[in-house]
Amino acid sequence: MNGRKQTVLALVIAVTALALPFLAPDYRAQIALLWVMVLFAMTWDILGGQTGYNSFGNVVFFGIGMYASAVVQRDSGLSYFVALFLGMGLGGLIAVAVAAVLGSMVLRMRGHYFAIATLGLGIAAAELAAGWDYIGAGSGMTTPLFPGAPGNQYLFFCYLFFGLSAVVFCLLAWLYRTRFGLALNAIRDNEDKAEAMGLRTGLYKTAAWMIAAFFLGLTGGAVGNLLRFVDPRDTAFAGATYGVWMVLMAILGGKGTLWGPVLGAVIFHVTQELLWTHLLGWQRVALGLIIVAIVVFFPQGLLGWARERWPERFGHKVEAS
Amino acid sequence: MSDQLVVEQATKRFGGVVANDGVSIAVPQGSIVGLIGPNGSGKTTLFNSIVGYHALDAGSIRFEGQEITRLRVPQIARLGLIRTFQQTRIYGKMTCMENMAASDGECGRGLLDLMRPVSAETRDNAEALLEFCGLHSKRHLRAGDLSFGQQKLLEFAMALMAKPSMLLLDEPTAGINPTLINGLIERLKRANQDLGITLLVIEHNMRVIMNLAEHIYCLAHGELLASGTPDEIRNDSRVIDAYLGAH
Amino acid sequence: MADNIQLLIDAPLLIVQLLLDGILIGAIFAVAAYGMALVWGVMNVINIVQGEYVMLGGFIAYQMTLWNLNPFLGVPVAALVLFVLGIGVYYAIIRRVVDKDMFISLLATFGLSILMQQLMNQIWGSQVRTAQSGLSTWFLFDYQVTVSQVKIVAFVGALLIGLLLILFLKRTRLGQAIRATAQNPRAARVLGIDTDRVFAATYGINAALCGAAGAFVVMAYSVHPYTGLPYTVRSFMIVIVAGLGNLPAVILAGLGLGASETMAGFILGVQFQVAFVFCLLVVILVFRNTMLGRKRRYLK
């Protein structure tokens, strides 16, 4: 699909997204969460599908954002929106700094060691947060009440997260066309070769993670207010839920593509909401089954499958000069 | 003609095995030098030492006058010393054009320089080089979908894209259909003559290397066995013995 | 934390207590670790669902107490049930990811881990469970050091299982086939070994090991649907430190890990014990990678 068609599609989706909270006013909370999922998948894919470094620990940045924002809102004494945006910003910045530090330690590992190390980081963060009294330890923290009618609260977050998703999407659409995007893909396809060709692989990997971290931090800073509570294991550093879903959604839609993570997030979220409504207690079991099924039977994801099926549509054709 | 690459007394051990023992070679600017020797003689080890893949245990390596013994792979590559791999490494999921664009020296620069779309100049260079290697019509195909011979050509084109001053080629004709070998040799010669790129080539195919190289080094058991012009090497009894296994 | 260290200095017998407790549980860690090493070495799969197999073994033994049976029976029963389960899981899932990228098998076993956590949660509920073994306690050093007898039994049991495993691998046809496949799968195939069945058997044996270990865990300690992952991580760390083929090293590393974890749990506070395990994982990996980096190689 060429650039123009993609732009049209994006605009159609944008218009739908803007109208959606009014078309389905009872589902505003779920719509807001949908964009959070899209953000999860897109940011994961920067380092995951595009660079080939599959992180299970991106929740660390999300949780950092959530806690930073909650602390700012608790201690600063500022009004709701000022404190919220300040908290989000601070969360994003701290997350970036942490990404730089962690990156210097773990981005030198390859493949599954990196994955396991990040898994460890994600859970370590949860456990450490659960023991730190300043941020509420095991009980977590609460965030302030939204000033305004409850219906408007979710409306606000629908647009906030949609806006953030749109910004990230446009940024990535541009980024993946730069040399930086090419360099990341080169690292993914053959890191030794990339090094042998002179690419500064360490620098680029860290930069990719920092970009993901920034937006995850921003997102986390606001999700804390959406959910009203910050729990170290269940919402902030939720490794076994959000942490895994990030990976799953990107894979489901087709990792390493621009639209894949978005597609995967939408399908995953909708499926999850349906399961929740109909299966209740067993929804997590079903989710586990789905995860295994996708990984085993459909690891190339939707766009990956489409690319195999219709390569010419993706531009992979023999073209005489 | 000064020496562009000087290796002095390179020694490399792996556990108990001495892969290179005091090997010294010199590659003059603009020349084509061959590196031959039976399997296990330490040719690829020497290559890997030169490009920084592992550290030397002893000895020194100088490229264009600069000491590169302690430098890492990406740094050495950015100095203009590019190597190709025996098992052919390319970026499988990217198209040929993308492979070429990623091999542009621009991609080794700082972050801010990288945040720019691929320039028209890069695109033109890429197309020209792909044309040179006979891959132009395949430029939008995924590199991983090419045949082995085509991938080898792509790797060569990528190496040229990086505008190297010197290329280290690890068995460039290995696994290639004999009818295509002449084409590759032609391209190597043109790269050397027209683009002025110095070549250091590991080869097993005697016909190829005798045809191509101006000077040849022969390794055996990790040591430098003989050095000279193709004719001298061809007639050197020690070289013949090494290949035929006489002790 | 400083208070706790002071306590250790003032009452050195406390150190003995902690070390003893640590070593006793360490043997159980070692059993699970060796199972993971087997699967890793033979089919190049890092089995993230390892910890859940341990928990399941524990729940099976627990279930037996609900049926008024002796939980010690749970050791062979859990081993058997888990063996069958392991074979089933192999044929259903693992075998499809064995030849793929290791990340796929990681993600698949992680998915299984989540699945099993939720299944156990649905079946047995999300409380911490233990099984009463009916054994009591020994008191040493004038009542200052307590040794729970069931922990000693668990320790001895773990060592016996290790011994049985070594004998099995050395003396039986299947054991030799497993070792051959671990060293060179292609050669094994050429020599007529059905690697698919060897893989299945290995995976089943691993699950059985975890099941038996779990039965001991529920008697000597406790189980919970969501506390499997720490066991997986412990196994992984032990394998990283000890290497794939080395049972004595695995045992030593297991004991060492048990001891350090128990000490850390005391010094830092028990609420940080799990944090310690995961932080240690990162530290070990970073350290290992740095050491390899000196030689310009990477943990791949």
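Each value in this text was obtained by applying a stated rule to the coordinates, not by laboratory testing. Everything quoted here is computed from the prediction, not taken from an experiment. No Cβ is skipped: glycine too gets one built from the backbone with ideal geometry, and neighbour counts run over all protein chains shown.
For chain C, take the longest principal axis of its alpha carbons; what is the angle in degrees between that and the long axis of helix C:102-124, to the nearest 10 within 0 to 90? With rounding to tens, the tilt is 50 degrees. With Cβ to Cβ distances under 13 Å as the rule, what net charge do the other residues near A:ALA129 carry (K, R +1; D, E -1)? Taking every Cβ under 13 Å from that of A:ALA129, the sum is -3.
Estimated purely from DSSP H runs of n ≥ 4, each contributing -39500 (n - 2.57), the mean residue ellipticity at 222 nm for chain B is -10500 deg cm²/dmol once divided by its residues. Which angle from 0 to 90°, rounded to the nearest 10, does the C-alpha axis of helix A:260-279 make with the longest principal axis of chain A? Approximately 50 degrees, to the nearest 10. The alpha carbon gyration tensor of the stretch C:204-300 gives principal lengths a ≥ b ≥ c with a/c of 1.5 or higher and a/b no greater than b/c, which makes the shape oblate. The HN-Hα couplings worked out from phi for the stretch B:112-128 by the Karplus form 6.51 cos²θ - 1.76 cosθ + 1.60 (θ = phi - 60°) are 4, 5, 7, 7, 9, x, 5, 6, 5, 4, 4, 4, 5, 4, 4, 5, 4 Hz, whole numbers, x standing for Gly and Pro. For the stretch C:2-269, a simple Cβ point-charge model (Lys and Arg +1, Asp and Glu -1, everything else neutral) yields a dipole of about 1040 debye relative to the Cα centre. Spin-label model, C:ASP142 to A:VAL15: label points 7 Å out along the Cα-to-beta-carbon direction sit 8.8 nm apart. Residue order for B:ARG83, B:ARG78, A:ARG313, C:ARG173, fewest other beta carbons within 10 angstrom first, comes to C:ARG173, A:ARG313, B:ARG78, B:ARG83.
Would you calculate a helix-derived [θ] at 222 nm for chain A, using -39,500 (n - 2.57) for each DSSP H run of n ≥ 4 and dividing by the full residue count, to the nearest 500? Provide the component values of the computation, followed by the final result.
Numbers: 13 runs with 228 residues, N = 321.
Calculated from helices alone, the mean residue ellipticity at 222 nm is -24000 deg cm²/dmol.
Give the average, rounded to an integer, of partner chain Cβ atoms located within 10 angstrom of each Cβ in B:152-164. Before the final figure, lay out each step's value.
Details: counts 0, 0, 0, 1, 0, 0, 2, 2, 0, 1, 3, 0, 2.
For this peptide, the per-residue mean of nearby foreign Cβ atoms is 1.
In this simple spin-label model, placing a label point 7 Å from the Cα along the Cα-to-Cβ direction at both C:ARG189 and A:SER104 gives a separation of 4.6 nm. Each Lys and Arg Cβ is given +1 and each Asp and Glu Cβ -1; about its Cα centre, the protein assembly as shown then shows a dipole of about 1060 debye. Below 23 Å, Cα to Cα, which lysines can A:LYS205 reach? Residues fewer than 8 away in the same chain don't count. Filter leaves A:LYS193, A:LYS255, B:LYS93, C:LYS295, C:LYS300.
Compute the signed sum of charges (Lys and Arg +1, Asp and Glu -1) over the other residues within less than 13 Å, Cβ to Cβ, of B:LEU225. All intermediate terms of the calculation are to be shown ahead of the outcome.
Values: positive: B:LYS43, B:ARG238; negative: B:ASP21, B:GLU223, B:GLU232, B:ASP236, B:ASP241.
Net charge in that neighbourhood comes out at -3.
Label-to-label distance for A:ILE267 and B:LEU195 is 4.2 nm, based on points extended 7 Å past Cα in the beta-carbon direction.
The slack between C:ILE9 and C:LEU160, meaning 0.36 nm per residue of separation minus the straight C-alpha distance, is 50.8 nm.
With a Förster radius of 35 Å, plug the Cβ-Cβ distance of C:GLN176 and C:LEU66 into 1/(1 + (r/R0)^6) and report the FRET value to the nearest 0.05. Walk me through the intermediate numbers first.
Working: r = 40 Å, r/R0 = 1.16.
Efficiency for this residue pair is about 0.30.
Show that you can apply the helix-only estimate: for chain C, add -39,500 (n - 2.57) for every DSSP H stretch of four or more residues, divide by all residues, and state [θ] at 222 nm to the nearest 500.
Rounded to the nearest 500, the figure is -25000 deg cm²/dmol.
What separates the Cα centres of the stretch B:26-76 and the stretch B:211-244 is a distance of 18 Å.
Of the peptides B:167-179, A:229-241, A:51-63, A:144-156, the order by per-residue mean of other Cβ atoms within 10 Å, starting with the highest, comes out as A:51-63, A:229-241, B:167-179, A:144-156.
How high is the FRET efficiency from A:VAL318 to C:ASN44, r the C-beta distance, R0 35 Å, rounded to 0.05? Provide the component values of the computation, followed by the final result.
On the way: r = 37 Å, r/R0 = 1.06.
That gives a FRET efficiency of 0.40.
Name the shape class, rounded, prolate or oblate, that the alpha-carbon gyration tensor gives for the stretch C:2-269, where a ≥ b ≥ c are the square roots of its eigenvalues, rounded holds for a/c under 1.5, and otherwise prolate holds if a/b is larger than b/c and oblate otherwise. Judged from the Cα gyration tensor, the stretch C:2-269 comes out prolate (a/c at least 1.5, a/b above b/c).
Taking every residue in B:131-138 and counting other chain Cβ atoms within 10 Å of its Cβ, the average works out to 2. With respect to chain A, whose longest principal axis is taken over its alpha-carbon atoms, helix A:80-106 is tilted by about 50°. Answer rounded, prolate or oblate for the protein assembly as shown, using the Cα gyration tensor with square roots of eigenvalues a ≥ b ≥ c: rounded when a/c is under 1.5, else prolate when a/b is larger than b/c, else oblate. Because a/c hits 1.5 or more and a/b fails to exceed b/c, the protein assembly as shown counts as oblate.
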